[in-house]
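Below is one structure, written out as structure tokens; the observations come after it.
Throughout, read-outs are computed from the coordinates displayed, never taken from laboratory work. Because the structure is predicted, anything quoted here is derived from the model rather than measured. Cβ sites come from the backbone with ideal geometry, for glycine too, and all protein chains shown count toward neighbours.
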Amino acid sequence: MRKKLLLGNWKMNKTPSEAKAFALAANEMVDYAVAHDIEVGVAPTFVCLATVKENINPKCIVSAQNVNEHASGAYTGEISIGMLKEVGIDWVILGHSERREYNGETSEACNLKIKALLAANMTPVYCCGESLETFEKGETKAWVAEQIKAGLAGLSTEEARKVVIAYEPIWAIGTGKSATKEIAEDTIGYIRGVLRELFAEAAEDMRILYGGSVKPANVTEYMSQPDIDGALVGGASLEPDSFKALIEGMIK
Ligand code: PGA
């Protein structure tokens, strides 16, 4: 049985004091989610990770939004796995479409990071998803299959089990234009099939999230789909009230 997961991707939002205020406000709702068998987490910016980790309910996952695969050295502007670990972070989002678009992050680069994270016993959340153009051409499945195969290349079945996948159609991110639950389920079910090809029965244990304009008003319908194991939420995860409403929507 795959446990449902709600992960808030804060992107480049919140100063440390704002992030701390969220962390303090979120304590009860994290308990509420956990009591209903739902895992919850937030992914603040690097400068807010330590503050959030220190002030949020310890049952809440705190995730970074990127990491460098090297242990240390001449990589200006980068953050290592060891640095994250020292502030108690053991989850990292990788391959988000915004990082692919603005920072040139490729599936192959994500593959190196995923392997480094798994070697450090950390949890990668690997994102995939197609552009509007690819969607309209009907090439979504081939596109995401390629991203999944390149990103997870060379992983053992046991390693794959620890990876969380997020399917986020780019045309649905921050646009208010969410994919219907049928479209999301169709692609996510297909992704599970690709994972089955690669990792056999481990695919049944791997969690696949939907992301892209998830809101309290539509989260329940995604959760009713058999292959959708949770949500990666940007805009609607930023305010405690909305985050709480997302949790409530997941429980319904
Ligand atoms: P959104 O972002 O919920 O604001 O559409 C989702 C994401 O990019 O992870």
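Structure above, values below:
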item	result
Interatomic Cα distance distribution for segment 26-105, bins of 10 angstrom, percent	17, 43, 29, 10, 1
Normalised contact order of segment 1-60, rounded percent, pairs of Cα under 8 Å and 6 or more residues apart	50
Sequence-distant residues sharing a close amide H with Gly230 (under 5 Å, placed H)	Leu5, Tyr210
Equivalent ellipsoid semi-axes - Cα gyration tensor, segment 85-165, angstrom	24, 14, 10
Highest-fluctuation residue, Ala116, Ala142, Ala21 considered, GNM on the chain with Cα pairs under 10 Å	Ala142
Share of pairwise Cα separations in segment 112-240, more than 27 Å, in percent	17
Potential extension, Ala21-His70 segment - 0.36 nm per residue separation minus Cα distance	14.4 nm
Signed unit charges on C-beta, dipole axis of segment 169-252, positive-most listed residue Ile247, Gln225, Phe199	Ile247
Neighbourhood charge, 15 Å Cβ-Cβ cut-off, centred on Asn57 and excluding it, Lys, Arg +1 and Asp, Glu -1	0
In sequence order, calculated HN-Hα J values of segment 195-200 (Karplus, 6.51, -1.76, 1.60; Hz; x Gly/Pro)	5, 5, 4, 7, 10, 6
Cα convex hull volume per residue for the chain (Å³)	115
Cα gyration tensor, segment 13-71 - rounded (a/c under 1.5), prolate or oblate	oblate
Around Trp143: net Lys/Arg minus Asp/Glu count, Cβ-Cβ under 15 Å	-4
Residues of type lysines that Lys59 reaches as a straight line, Cα spacing below 28 Å, ignoring anything fewer than 8 places off in the same chain	Lys3, Lys4, Lys11, Lys14, Lys20, Lys85, Lys113, Lys115, Lys162, Lys215, Lys244, Lys252
Mean-position separation - Cα centroids, segment 209-246 and segment 97-139, in angstrom	20
Gaussian network model of the chain, springs between alpha carbon atoms under 10 Å - residue of Ser72, Ser131, Ser178 with greatest fluctuation	Ser72
Value of relative contact order over segment 106-201, rounded to a whole percent, pairs C-alpha under 8 Å and six or more apart	35
Long-range amide H partners of Gly8 with built H, under 5 Å	Gly41, Val42, Ala43, Val233
Dipole in debye (nearest 20) - the chain, about Cα centre, beta carbon charges: Lys, Arg +1; Asp, Glu -1	300
Volume per residue that the Cα convex hull of segment 1-139 spans, once the total is divided by residue count, Å³	143
Theoretical ellipticity at 222 nm over the chain - DSSP helices of four or more residues, -39500 (n - 2.57) apiece, nearest 500	-12500 deg cm²/dmol
